[in-house]
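The values are calculated or read from the model by the stated rules, or taken from the named source; none is laboratory data. Because the structure is a prediction, the values reported are computed rather than measured. Cβ placement follows ideal geometry from the backbone for every residue including glycine, while neighbour counts extend to all protein chains displayed.
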Amino acid sequence: MSRSRKISVPTTVSAPVRVGHDPRSLARRLKRGEIAVIDRADLDAASAELLADREPICVINVSASLTGRFEARGAARLAARSVPLLDALDRGLIAATDGVVASIDFAVEPDSDGPRAVVMMGSQKTDCRVVDAALIERRVAEAKTAAASRVPRLTASALDLVHRDGPALADGDVVPHLDLDLGGKDVLVVTAGPGFRNQLASLRAVVRDVRPIVIVTGDAANFVAEHHRVDVIVGPLESVSDEVLTRASRVVIHGESSATATTRLGALGVRHVSSDSRLESADLAVALAASAGARLIATVGVDTSIPELADSASGASALLARVAAGPAWIDGRTLARLYRSRWSRLQGWLVVALAGLALAAALALHPHVRDLVSRVTGVG
């Protein structure tokens, strides 16, 4: 009956809530075992993965996780990661205070539309729809009938962004006063999208041999800094450690309170600029690399297929950034498949060993060397 049975959660759970309209921003604050309250119609896959990575006990959406307009993959991703998803039937929960404890009762009699749950927070009681496999299948089937309208809608949203951010992209001044010259250089842009850790690992040889300029979004900065040098950080900085911030050569504040971030960076003595671009942080990173003259821009953690762009609320932003990058852009997964290091470490040591043997053999045949060896050893 209930989704709670399929994913082995108790019929009633209690935990602190963490509230945020944007799932990606909320994921940076969300702790294991908490209840996430979000506001995202047609929850996209990338946002769902970031939430699931934090291991919440439940995700509550005050908007419809699947409206039937898009084949939004977020609900299916949460189901695959065994994270219960509820759609609240009113929006009151989005006004909840961070840290307040809520109880969720999954043992509620289902109605004709499927399983239900009740969220209790103090005296407030909110009815919710459990987003189970049957509901996901039904909404995805509805979305397939509207598939033909998705790409035009995506293009229209991108054109709306062009009116605001297009002039800066065309002038090569996407982030004013950044003072970044990447002419003729290769750039790696990393964001904390689904599977970004594995993608980054597959590019280890590329980073070692090519030594690209590394630009990261705030949500990926700490992880990337453990393995590679970080040159530029773009985006919300709440989750970035002070150590990583101070080691970056440039920092771009984006998608958060500029005043708060500026105060923190000023105290650390970190050089920074701010951007009010409506592009997503990952897309802003791609666009600024392009405007700074990068020869090649490889992306990690960024979904670029048309279905993924149409699925995501940030699809228009991603589309505009790809246009700005033009022929310089390449998906990191493709680069990893194409790249072959000229010399592996084993091959390098083998060459050195063979060269040493050849030198020893040549010396051994030289008359003067043979004579010297004979005098020293008394042999011959």
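A few remarks follow.
Per-residue answers, yes or no, for (1) within 17 Å of the chain's Cα centre (by Cα); (2) of a type in the set (A, V, I, L, M, F, W, C); (3) surrounded by fewer than 17 Cβ atoms within 10 Å (Cβ to Cβ); (4) in a loop (DSSP other than H, G, I, E, B):
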| site | (1), (2), (3), (4) |
| --- | --- |
| Leu182 | no, yes, no, yes |
| Val189 | yes, yes, no, no |
| Ala192 | yes, yes, no, yes |
| Gln199 | yes, no, no, no |
| Ala205 | no, yes, yes, no |
| Val216 | yes, yes, no, no |
| Ala220 | yes, yes, no, no |
| His228 | yes, no, no, yes |
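- One residue stands out among those in region 121-133 that are of a type in the set (A, V, I, L, M) and under 29 Å from the mean Cα position of the chain (by Cα): the one that is surrounded by the fewest Cβ atoms within 10 Å (Cβ to Cβ), which is Ala133.
- In summary, helices (runs of 4 or more DSSP H) completely within region 1-113 and bearing 2 or more residues that are surrounded by fewer than 17 Cβ atoms within 10 Å (Cβ to Cβ) occur at 3-6.
- Test: residue in region 215-223 that is among the aliphatic types (A, V, I, L, M) and modelled with pLDDT of 95 or more: yes
- Members of region 126-180 that are part of a loop (DSSP other than H, G, I, E, B), touching a helix residue (DSSP H, G or I) at 6+ places or on another chain (Cβ under 6 Å) and modelled with pLDDT of 70 or more: Val131, Asp132, Val174, Val175
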